[in-house]
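J.: Below is the structure I would like to discuss, written out as structure tokens.
The values are calculated or read from the model by the stated rules, or taken from the named source; none is laboratory data. Just so you know, these numbers come straight off a predicted model, no measurement behind them. Cβ sites come from the backbone with ideal geometry, for glycine too, and all protein chains shown count toward neighbours.
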Amino acid sequence: MLTLAFDTATSAATAALVRDGDVLGEAVSRAVRVLEDADGLLRASGAVPDELTAIVVGTGPGSFTGLRMGLAAARGLALGLGVPVAGVSTLAALAAGAPGAVPVVDAGRQEVFTLREGEPAVCPPDEVEPGLCVGDGAVRYRDVLEARGATVPPDDDERHLPRARFHAALAREFGPADAIEPLYLRIPDAERKA
């Protein structure tokens with residue numbers, strides 16, 4: 001099984017090409033480059049798009065625009081290649097990359113997305129459970145989190161990235177691309193201002 005996985009929900013978009021659990025290549029860039037990254041991963045591995053058997057996409061929570069870009073790319077690729085898609089939470093991928101850690105994604109508006117009692121939630125950073133905190137929200141709100149007793153790895157620590165290889169490993173239910181829904185925990189800024 002050759003799987004292309006990517007997540008565009010955070011400021012650092014990640015992509016991975018995985019064959020039967022083995023990571024063939026990874027890329028970290030921005031959401032606008034996700035298709036270019038996918039092409040580069042396929043070329044570097046010697047594979048062609050027709051060999052893909054599945055796509056896994058990050059469902060957030062995260063940037064509204066980034067999520068929409070990732071879902072649109074996944075839907076377009078799935079439709080064009082005739083392959084099934086699975087969605088995996090960005091928070092779950094972050095947690096998989098740092099077992100036991102609290103995933104913290106920057107939500108803007110001086111809030112973060114995190115897990116509370118195992119469920120996705122949005123809250124101010126000073127309400128995040130103390131512990132090892134990872135993600136771009138942990139980096140942004142390091143001072144607040146550390147003041148509450150949390151530990152935040154250095155800014156360049158790999159655990160802050162929602163690595164697409166973890167999305168591929170966590171994917172379980174594959175189906176039609178249009179069945180994948182983003183995980184929105186609040187209304188978009190544009191609707192809020194209206």
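J.: Tally up the residues in the range 147-158 that are more than 22 Å from the chain's Cα centre (by Cα) and either part of a loop (DSSP other than H, G, I, E, B) or among the basic types (Lys, Arg) (or both), please.
T.: 3
J.: Further, regarding this structure: Collect the residues in the range 38-84 that are within 21 Å of Phe174 (Cβ to Cβ) and of a type in the set (Val, Ile, Thr), keeping them in residue-number order.
T.: Within the range 38-84, Val48, Thr53, Ile55, Val56, Val57, Thr59, Val83 qualify.
J.: To continue, here is another question. Under 8 Å between Cβ atoms, at least 6 apart or on separate chains: pull out the pairs that start in the range 25-48 with a residue that is in contact (Cβ under 8 Å) with a residue 40 or more places away in the chain and end on any residue that is in a loop (DSSP other than H, G, I, E, B) and of a type in the set (D, E, K, R).
T.: Pairs found: Glu26/Arg163.
J.: Output yes when any residue across the range 135-146 is part of a loop (DSSP other than H, G, I, E, B), touching a Ser or Thr at 6+ places or on another chain (Cβ under 9 Å) and among the acidic types (Asp, Glu), and no when none is.
T.: Checked the range 135-146: no residue is part of a loop (DSSP other than H, G, I, E, B), touching a Ser or Thr at 6+ places or on another chain (Cβ under 9 Å) and among the acidic types (Asp, Glu).
J.: Something else about it: Among the residues of the range 180-192, which ones are in a helix (DSSP H, G or I) and modelled with pLDDT of 65 or more?
T.: Glu191
J.: Next question, about the same structure. Can you name every residue in the range 1-58 that is surrounded by 22 or more Cβ atoms within 10 Å (Cβ to Cβ) and in a loop (DSSP other than H, G, I, E, B)?
T.: Matches in the range 1-58: Thr8, Ala9, Thr10.
J.: What is the one condition in (1) in contact with a helix residue (DSSP H, G or I) (Cβ under 6 Å, 6 or more places away or on another chain); (2) within 14 Å of Thr90 (Cα to Cα); (3) not small (Gly, Ala, Ser) that Thr114 does not satisfy?
T.: (1)
J.: Which ones in the range 102-131 are farther than 26 Å from Thr65 by Cβ and over 19 Å from the mean Cα position of the chain (by Cα)?
T.: Across the range 102-131, the qualifying residues are Glu117, Asp126, Glu129, Pro130, Gly131.
J.: Thr151 versus (1) under 18 Å from Leu94 (Cβ atoms); (2) outside the structural domain of Val122 (by TED's automatic domain parsing); (3) surrounded by fewer than 16 Cβ atoms within 10 Å (Cβ to Cβ): which is the lone unmet condition?
T.: With (1) under 18 Å from Leu94 (Cβ atoms); (2) outside the structural domain of Val122 (by TED's automatic domain parsing); (3) surrounded by fewer than 16 Cβ atoms within 10 Å (Cβ to Cβ) applied to Thr151, the lone miss is (2).
J.: Looking at the range 92-128 only, could you name the residues that are part of a helix (DSSP H, G or I), of a type in the set (A, V, I, L, M) and touching a residue at least 40 places away in the same chain (Cβ under 8 Å)?
T.: Ala92, Ala93, Leu94, Ala96
J.: If you don't mind, another one. Can you report the number of residues in the range 68-90 which are buried (at least 22 other Cβ atoms within 10 Å of the Cβ) and more than 20 Å from Thr3 (Cβ to Cβ)?
T.: Here the count works out to 0.
J.: Here is a further query. Hey, among Glu146, Glu158, which residue is among the acidic types (Asp, Glu) and closer than 22 Å to Val122 by Cα?
T.: Glu146
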